[in-house]
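Q: Below is a structure I'd like to ask you about.
The values are calculated or read from the model by the stated rules, or taken from the named source; none is laboratory data. Since this is a predicted model, take the numbers as computed values, not measurements. Using ideal geometry, Cβ is built from the backbone for each residue, glycine included, and neighbour counts are taken over all protein chains shown.
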């Protein structure tokens with residue numbers, strides 16, 4: 001009988017987790033206590049310890065998001081193995097190469113993996129056959145497998161369907177949903193024009209091709225990937241970059257016809273049986289905000305537009321917080337302004353991801369202004385309005401706007417025109433991919 005065992009609680013207080021490298025006093029189970037507890041569990045008859053770290057107060061150790069280091073729990077698990085004779089397993093963003101070396105050296109007995117199997121059930125088979133580039137990577141987003149959203153005043157903002165159907169996958173619509181998402185060959189092959197080569201467009205094309213249709217992608221830029229190209233640029237999003245490569249390989253291996261640098265302005269220009277519109281969205285723009293011309297859009301920054309040393313991010317949702325996180329890692333000084341009473345107060349973002357970012361900003365004393373709005377942007381400062389209605393100035397070199405997006409469909413939904421991705425409604429990677437799969441199955 002195996003036991004899921006948290007080696008160290010990584011907890012410094014009630015609802016206060018400790019981050020990697022943080023100097024803190026453990027209030028939960030520390031390593032000394034864990035050494036003794038592991039022996040007790042072995043003596044009680046457990047056959048194996050399946051180990052990680054953390055508690056619900058530090059859930060980013062148990063279910064590491066993309067911000068956590070790979071193999072983040074390995075050192076502590078290796079230490080515990082010295083105190084028991086039963087097999088010890090390490091889980092938590094484990095990489096096969098590091099795990100194999102630890103096993104070879106006798107420091108570990110096995111590697112625990114869950115989420116990668118949800119993204120690609122055949123990943124081990126592909127790895128053994130030296131086909132690693134064919135593995136659909138887990139990107140540690142938790143949008144499908146553990147999307148319990150927690151923020152101030154809300155214990156768990158989650159749909160009931162998600163609560164009773166955990167262990168699905170944002171990037172693999174078939175996982176735990178084969179009753180609704182499965183490849184069924186069509187009896188009536190069609191030519192389907194897809195306007196937009198982002199993730200939604202590529203997923204639609206992939207499923208259509210597997211079903212026996214002939215999809216044709218028209219992309220106005222010179223690269224596939226859409227806005228996900230910009231979203232994947234931070235160094236900590238290496239798995240997002242792998243996902244883009246996986247989709248590009250799928251397009252190549254399936255022989256899907258692609259027209260880059262081709263902008264479609266009217267669906268009537270297309271000769272196709274069906275049309276899929278996957279034209280994405282545009283940034284919401286506060287055109288009447290004084291000084292708006294001095295600001296940088298989130299996508300512009302992610303695409304490489306330079307910013308100064310002290311950077312104010314207007315918008316404390318997931319995108320804004322990830323930008324602030326990256327800026328801090330680069331040695332800059334981010335400031336976050338958010339109108340709501342908490343950061344990342346949105347459904348669909350797992351508490352492991354959101355709590356990590358909130359704790360990171362608190363630990364590193366990143367200025368966060370909640371229930372505060374941006375009133376004006378000056379040459380070297382901004383004017384903000386707080387909850388009390390009073391205005392005040394904050395000095396900064398640059399302002400990044402991250403205040404959401406507006407769908408930009410090229411055409412309306414109709415019998416033979418189908419909308420996919422953010423042009424159908426602003427969401428996340430899960431809503432994009434699952435919707436694309438649904439549309440491809442319905443054609």
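Q: Quick check: anything in region 309-326 part of a helix (DSSP H, G or I), surrounded by fewer than 18 Cβ atoms within 10 Å (Cβ to Cβ), touching a strand residue (DSSP E or B) at 6+ places or on another chain (Cβ under 7 Å) and in contact (Cβ under 8 Å) with a residue 24 or more places away in the chain?
A: no
Q: Now a separate question. Going by what's in this entry, would residue 194 be described as modelled with pLDDT of 95 or more, assigned to a loop (DSSP other than H, G, I, E, B) and more than 23 Å from the chain's Cα centre (by Cα)?
A: no
Q: Residue 182 is checked against (1) assigned to a loop (DSSP other than H, G, I, E, B); (2) under 22 Å from residue 405 (Cα atoms) and fails just one. What number does that condition carry?
A: Exception for residue 182: condition (2).
Q: Assuming residue 40 fulfils every condition listed in (1) free of Cβ contacts under 8 Å to residues at least 60 places away in the same chain; (2) outside any helix (DSSP H, G or I) apart from one, which condition is it?
A: Here residue 40 meets the rest and fails (2).
Q: Related question: Given the structure, is residue 107 under 25 Å from residue 42 (Cβ atoms), in contact with a helix residue (DSSP H, G or I) (Cβ under 9 Å, 6 or more places away or on another chain) and surrounded by fewer than 21 Cβ atoms within 10 Å (Cβ to Cβ)?
A: Yes: the conditions hold for residue 107.
Q: Inspect region 392-406 for any residue being within 20 Å of the chain's Cα centre (by Cα), within 30 Å of residue 193 (Cα to Cα) and buried (at least 17 other Cβ atoms within 10 Å of the Cβ) and give the result as yes or no.
A: Checked against the condition, which is being within 20 Å of the chain's Cα centre (by Cα), within 30 Å of residue 193 (Cα to Cα) and buried (at least 17 other Cβ atoms within 10 Å of the Cβ), region 392-406 yields at least one hit.
Q: Among the residues that make up region 27-34, is at least one of them out of contact with any strand residue (DSSP E or B) (no Cβ under 7 Å at 6 or more places or on another chain), under 30 Å from residue 361 (Cα atoms) and buried (at least 20 other Cβ atoms within 10 Å of the Cβ)?
A: Yes, region 27-34 has at least one match.
Q: Checking the conditions here, which among 324, 278 is within 22 Å of the chain's Cα centre (by Cα), over 28 Å from residue 153 (Cα atoms) and modelled with pLDDT of 95 or more?
A: 278
Q: So which of 171, 139, 135 is over 30 Å from residue 344 (Cα atoms) and either in the same structural domain as residue 95 (by TED's automatic domain parsing) or surrounded by 14 or more Cβ atoms within 10 Å (Cβ to Cβ) (or both)?
A: After ruling out the rest, the residue left standing is 135.
Q: Against the conditions (1) within 16 Å of residue 234 (Cβ to Cβ); (2) out of contact with any strand residue (DSSP E or B) (no Cβ under 8 Å at 6 or more places or on another chain); (3) surrounded by fewer than 20 Cβ atoms within 10 Å (Cβ to Cβ), where does residue 365 fall short? Just the number, please.
A: In the conditions (1) within 16 Å of residue 234 (Cβ to Cβ); (2) out of contact with any strand residue (DSSP E or B) (no Cβ under 8 Å at 6 or more places or on another chain); (3) surrounded by fewer than 20 Cβ atoms within 10 Å (Cβ to Cβ), residue 365 misses (1) alone.
Q: Which residues, counting only those in region 141-162, are more than 19 Å from the chain's Cα centre (by Cα) and either outside any loop (DSSP other than H, G, I, E, B) or over 23 Å from residue 16 (Cβ atoms) (or both)?
A: 154, 155, 160, 161
Let's see how each residue does on (1) in contact with a strand residue (DSSP E or B) (Cβ under 9 Å, 6 or more places away or on another chain); (2) surrounded by fewer than 13 Cβ atoms within 10 Å (Cβ to Cβ); (3) over 19 Å from residue 423 (Cβ atoms):
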residue	(1), (2), (3)
193	yes, no, no
198	yes, no, no
204	yes, no, no
222	no, yes, yes
225	yes, no, no
238	no, no, yes
241	no, no, yes
246	no, no, yes
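Q: Follow-up question, since we're still on this one. Condition (residue is touching a helix residue (DSSP H, G or I) at 6+ places or on another chain (Cβ under 8 Å), at pLDDT 95 or above and under 18 Å from residue 67 (Cβ atoms)) applied to region 375-388: is it met by at least one residue?
A: no
Q: Failed condition for residue 284, given (1) buried (at least 16 other Cβ atoms within 10 Å of the Cβ); (2) within 19 Å of residue 424 (Cα to Cα), with all others met?
A: Residue 284 satisfies every listed condition except (1).
Q: From 370, 419, which residue is over 20 Å from the mean Cα position of the chain (by Cα) and surrounded by 21 or more Cβ atoms within 10 Å (Cβ to Cβ)?
A: Result of the check over 370, 419: 419.
Q: The conditions are (1) surrounded by fewer than 22 Cβ atoms within 10 Å (Cβ to Cβ); (2) more than 25 Å from the chain's Cα centre (by Cα); (3) not in a loop (DSSP other than H, G, I, E, B), and residue 89 fails exactly one of them. Which is it?
A: Only one criterion is unmet by residue 89, namely (1).
Q: Something else about it: Mind checking whether some residue in region 118-129 is more than 24 Å from residue 168 (Cβ to Cβ) and not assigned by TED's automatic domain parsing to the domain that holds residue 7?
A: Yes, there is a match, as at least one residue in region 118-129 is more than 24 Å from residue 168 (Cβ to Cβ) and not assigned by TED's automatic domain parsing to the domain that holds residue 7.
Q: Turning to a different aspect of this structure: Which ones in region 227-261 are farther than 18 Å from residue 93 by Cβ, under 16 Å from the mean Cα position of the chain (by Cα) and not in a helix (DSSP H, G or I)?
A: Within region 227-261, 227, 233 meet the criteria.
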